[in-house]
Every structure is written in structure tokens, then in C-alpha cells.
Amino acid sequence: MQLENSFQVGAPPERVFEYLLDINKVVGCVPGAELSEVVDQSTFKGKVKVKVGPITVAYSGTARISERNDTERLATLTAEGRETTGPGSARATAQMHVQTAGEGSLVRITTEYHVAGRVAQFGRGVMEDVSKRLVNDMAKCIQANLEADDPALEDDVAAAVSRSSAAQATVRAAQPVSAFGLLLHLIAVRFRRLFGRGSA
């Protein structure tokens, strides 16, 4: 069975692609996933729990980055796992492509998978719903993490702290840096970036 999913992230494609291939970061954004061992830079072992219909299935297996093209920002991930409490199994191949989308990125994921066991009794519609839910949850987490780690925001903080330090050096009796004032400054910078791009 093949499924196609996509989501947008407000960060440059290069950063998004690098983030998606860092298993230590991504695993925390995959609902029900747990990393148990990093075999090497492209091979990982772990567990994942997935709720399909009325049942929850846990798999233990291995995933590896089988192909990677940094220039095109393309990567293929293959994974195999077996149920931890039953005879079922699952195999999947996911191709990921990160493209430029405006000032951010568009991530497209095409997954080809085969399942055996209890999960196999559910139709394509249920599997698509589960897949979309997982991808949406993962996308929100990845976007939040990337935007929280925005270098532009870090530059704003550094600039604000630098200006505050300079002011303190000039005026010996100056008050300590106000965290509240710093927050207001960053909010103001963000609003100017969002709404002031077209103004002179």
C-alpha cells in the first residue's frame, strides 16, 4: 500500500532536511516512537506504538537511511519491525523530498508499506487516517522545534543583549537587563518582519 503526505515548515529547506535526518531529534516528534540504539550514522533500532482502529500495536525493529542526496534534498528510509506481543510484522520504505516553498519549506513523504497480523484487517481508509494523523502531529512538533531554534531569533536576542550591555557600560547606574523588556523587543522585531517588509 502506498500513502502520500506533505507538510510545510517555516524554515529554510537545508535546515529542514538536516533536521529530518537527525534521528535523535526526529524520534521525539514521532508519536509512540522510542529510540533504543544508534548502530551507526544511518542505521537505528527502536520501538513504535501505533493505534489503528480499536487496537494498539507495538513494533520493535530497525530503520536505516538507504539513500541520501543532499543536493536535491532527497532521502529514502527503509524500516522493518515485528510486533512485540504477536506474530505480526511491518515493512516500509519512505521517500522524503524537501522543497522550497515561499520563505519556508514543503516536505513530501511517499510511503510504501506492507503489514501482516492484526493491523492487516483494517482497510486503506483507516490506514490513511492513521498516517495523516501521525504525519500532522510530527509536522507540528518539527515546525515548533525548528522555529524555536531559529538563528534569526537568536540573532535578535544577541543584538538586544549587546545593546543592553553597551547601555550599562555607558551609564554605570543602569538597571539590570529586563527580561520583560527583552521579550517586548523581540515581539516588536517579529511584528516588523511580518508586517513591515513592504514599508520603507
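What tally of residues in the range 39-65 results from selecting those that are surrounded by 14 or more Cβ atoms within 10 Å (Cβ to Cβ) and either in contact with a Gly (Cβ under 8 Å, 6 or more places away or on another chain) or without any contact (Cβ under 8 Å) to a residue 40 or more places away in the chain (or both)?
Quick first cut of the range 39-65, residues surrounded by 14 or more Cβ atoms within 10 Å (Cβ to Cβ) only: 42-48, 50, 52-53, 57-65.
Checking which are either in contact with a Gly (Cβ under 8 Å, 6 or more places away or on another chain) or without any contact (Cβ under 8 Å) to a residue 40 or more places away in the chain (or both) leaves us with 42-48, 50, 57-64.
Final tally of qualifying residues: 16.
Just to be sure I understand, how many residues within the range 85-111 are in contact (Cβ under 8 Å) with a residue 60 or more places away in the chain and either on the phi > 0 side of the Ramachandran plot or charged (D, E, K, R) (or both)?
Result for the range 85-111: 2.
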**OP:** Taking Ala101 as the residue in question, decide whether it is under 15 Å from Ile142 (Cβ atoms) and surrounded by fewer than 17 Cβ atoms within 10 Å (Cβ to Cβ).
**Re:** yes
Original post:
Since Leu77 meets every condition but one in (1) more than 22 Å from Val9 (Cα to Cα); (2) part of a strand (DSSP E or B), which condition does it not meet?
Top reply: (1)
Original post:
Does at least one position in the range 124-133 carry a residue that is loosely packed, with under 14 Cβ neighbours inside 10 Å, of a type in the set (A, V, I, L, M, F, W, C) and modelled with pLDDT under 90?
Top reply: yes
Original post:
Across the range 117-132, what is the number of residues that are assigned to a helix (DSSP H, G or I) and either outside the structural domain of Gly104 (by TED's automatic domain parsing) or free of Cβ contacts under 8 Å to residues at least 24 places away in the same chain (or both)?
Top reply: 3
**OP:** Return yes or no: is Ser36 over 14 Å from the mean Cα position of the chain (by Cα), assigned by TED's automatic domain parsing to the domain that holds Ile109, of a type in the set (Ser, Thr, Tyr) and closer than 26 Å to Val119 by Cα?
**Re:** yes
**OP:** Identify all residues within the range 40-74 that are in a loop (DSSP other than H, G, I, E, B), over 22 Å from Pro13 (Cα atoms) and not small (Gly, Ala, Ser); write none if there are none.
**Re:** Pro54
Original post:
Could you count how many residues in the range 79-98 are among the hydroxyl-bearing types (Ser, Thr, Tyr) and either touching an Asp or Glu at 6+ places or on another chain (Cβ under 9 Å) or buried (at least 18 other Cβ atoms within 10 Å of the Cβ) (or both)?
Top reply: 2
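The values are calculated or read from the model by the stated rules, or taken from the named source; none is laboratory data. Predicted, not measured: the structure shown is a model, and the values here were computed from it. Note that we place each Cβ from the backbone using ideal geometry, even for glycine, and neighbour counts take in every protein chain shown.
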